[in-house]
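Reviewing the structure listed below.
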Amino acid sequence: VIRLKNLQNVTIDGGGSTFVLEPSLRLLDIRGSRNIVIRRLRVDYDPLPFADGLVTAVDAPGRRMTVRLMNGADLPRVLGGPTHEDGEQAYFGMLWGPGPYGPISRHVWLGRVETAAEASSVVVRPSDEFTDYSGIVADKWHISLPATGMAHRRGPGACFCIRDNDTVSLQDVELWSATWMGFEIARNRGTLRFNRVHVRPKPGSSRLMSTWRDAFHVKGNRAALRWDDCELTGM
C-alpha cells in the first residue's frame with residue numbers, strides 16, 4: 001500500500017487510523033531509505049486469514065479432533081487442506097492451552113478439515129507430522145485454523161518490510177492480523193527503534209490469533225536494534 005524507496009527524512013503519521021487490508025496486500029515497504037519515521041497507525045485484515053474455535057472432542061487413536069467454530073460463518077473458509085501454492089510452507093493450525101500468563105500455543109500440522117455432524121463444527125484431521133495429543137482437554141482448549149488458500153501464503157512478503165535502510169523509527173503501531181510475517185527487518189544500518197509496536201490480537205475482540213509467521217523476522221542487520229514497550233502475543 002505504501003512504498004518508500006531511496007527517500008530521506010520522511011515521516012508518515014497515521015493519526016491513529018486503521019488500515020484494513022484484503023489478504024493479498026501488505027502495508028509498508030521501505031527500502032534504501034534514510035531517517036524514516038512511521039507512527040500512529042493500526043493494521044487489520046478483512047477477511048481474517050484464520051478462524052478460532054473450541055476443541056469439543058479429541059480422538060487420539062482416530063487421529064482427529066472436533067472443533068466448534070466461534071463464528072459459524074467461518075465454516076466454509078477453513079474446509080480443505082494445503083494448496084502448496086505461493087510460498088505456503090508447513091500448513092498448520094495453532095492449539096491454545098492454559099499457561100501461567102495467558103494461552104500457550106502449540107502447532108498442529110494439518111492434513112484436512114472437514115464438516116462435522118454438529119452445527120458450526122468441523123473435524124480436524126492432523127497430518128502424520130502431528131503425533132502429540134497429550135494434554136489436549138476438550139471444552140478447555142482452543143484452536144486457530146487457517147483460512148484455506150489465505151493463511152500461510154507468502155504473497156508480497158511481510159506486512160512491514162524494512163530492508164537496506166539507514167535509521168528507521170516506528171512508534172505507536174499495531175498489527176492485529178497478518179497472512180504471513182508481521183515485520184521483516186533485513187540488512188539495515190544506523191539505528192532501528194520500535195516503540196510501542198504491538199503484534200497481538202485486536203484488543204477487545206475474542207480473537208486468539210494474530211500473525212501466522214514471525215512477529216519480527218530479523219536477519220543480516222548492522223543497525224543498532226531496540227524494542228521498547230512492545231507486546232507480542234497470538235503468533
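The values are calculated or read from the model by the stated rules, or taken from the named source; none is laboratory data. Source: prediction; values computed, not measured. No Cβ is skipped: glycine too gets one built from the backbone with ideal geometry, and neighbour counts run over all protein chains shown. Note: areas computed on protein heavy atoms with side chains; ligands, DNA, RNA excluded. Shrake-Rupley method; radii C 1.70, N 1.55, O 1.52, S 1.80 Å.
Of note:
- When the range 214-235 is filtered for residues that are surrounded by fewer than 19 Cβ atoms within 10 Å (Cβ to Cβ), free of Cβ contacts under 8 Å to residues at least 60 places away in the same chain and of a type outside the set (A, V, I, L, M), the ones remaining, listed by number, are ASP214, HIS217, LYS219, GLY220, ASN221, ARG222, ARG226, TRP227, ASP228, ASP229, CYS230, GLU231.
- Output for the range 4-33, where each listed residue is open to solvent by 50 Å² or more (accessible area, probe 1.4 Å), farther than 14 Å from GLN171 by Cα and touching a Leu at 6+ places or on another chain (Cβ under 8 Å): THR18, PHE19, ARG31
- Any hit, the range 70-91, residues being among the hydrophobic types (A, V, I, L, M, F, W, C), more than 28 Å from ALA158 (Cβ to Cβ), touching a strand residue (DSSP E or B) at 6+ places or on another chain (Cβ under 8 Å) and not in a loop (DSSP other than H, G, I, E, B): yes
- Failed item in (1) without any contact (Cβ under 8 Å) to a residue 60 or more places away in the chain; (2) more than 21 Å from the chain's Cα centre (by Cα); (3) surrounded by 13 or more Cβ atoms within 10 Å (Cβ to Cβ), with ASP128 passing the rest: (3)
- Answer residue from the range 152-169, given it is crowded, with 23+ Cβ neighbours inside 10 Å and touching a Phe, Trp or Tyr at 6+ places or on another chain (Cβ under 8 Å) and is modelled with the lowest pLDDT among those: HIS152
- Residue in the range 55-65 that is part of a strand (DSSP E or B) and touching a Phe, Trp or Tyr at 6+ places or on another chain (Cβ under 7 Å) present: yes
- For first residues located in the range 107-119 and farther than 14 Å from MET94 by Cβ and open to solvent by less than 80 Å² (accessible area, probe 1.4 Å), partners that are assigned to a loop (DSSP other than H, G, I, E, B) and small (Gly, Ala, Ser) and lie 6+ apart or on another chain with Cβ distances below 9 Å form the pairs GLY111/GLY81; GLY111/SER127.
- For the range 161-235, the strands (runs of 3 or more DSSP E) that sit wholly inside it and include 1 or more residues that are of a type in the set (Ser, Thr, Tyr) and touching a Gly at 6+ places or on another chain (Cβ under 7 Å) are 166-175.
- Residue identified as under 30 Å from ILE12 (Cβ atoms), of a type outside the set (A, V, I, L, M) and open to solvent by less than 50 Å² (accessible area, probe 1.4 Å) among TYR91, TYR45: TYR45
- Identity of the residue in the range 94-106, open to solvent by 40 Å² or more (accessible area, probe 1.4 Å) and not in a loop (DSSP other than H, G, I, E, B), that ends up farthest from HIS152 (Cα to Cα): ILE104
- Residues in the range 113-142 that are part of a strand (DSSP E or B), under 15 Å from ASP59 (Cα atoms) and β-branched (Val, Ile, Thr): VAL113, VAL122, VAL123, VAL124.
- Residue within the range 131-147 that is open to solvent by 50 Å² or more (accessible area, probe 1.4 Å) and under 30 Å from ASN221 (Cα atoms) present: no
- The range 51-77, residues that are in contact (Cβ under 8 Å) with a residue 40 or more places away in the chain, open to solvent by 30 Å² or more (accessible area, probe 1.4 Å) and small (Gly, Ala, Ser): ALA57, ALA60, GLY72
- The requirement of being touching a residue at least 24 places away in the same chain (Cβ under 8 Å) and at positive phi is satisfied by HIS152.
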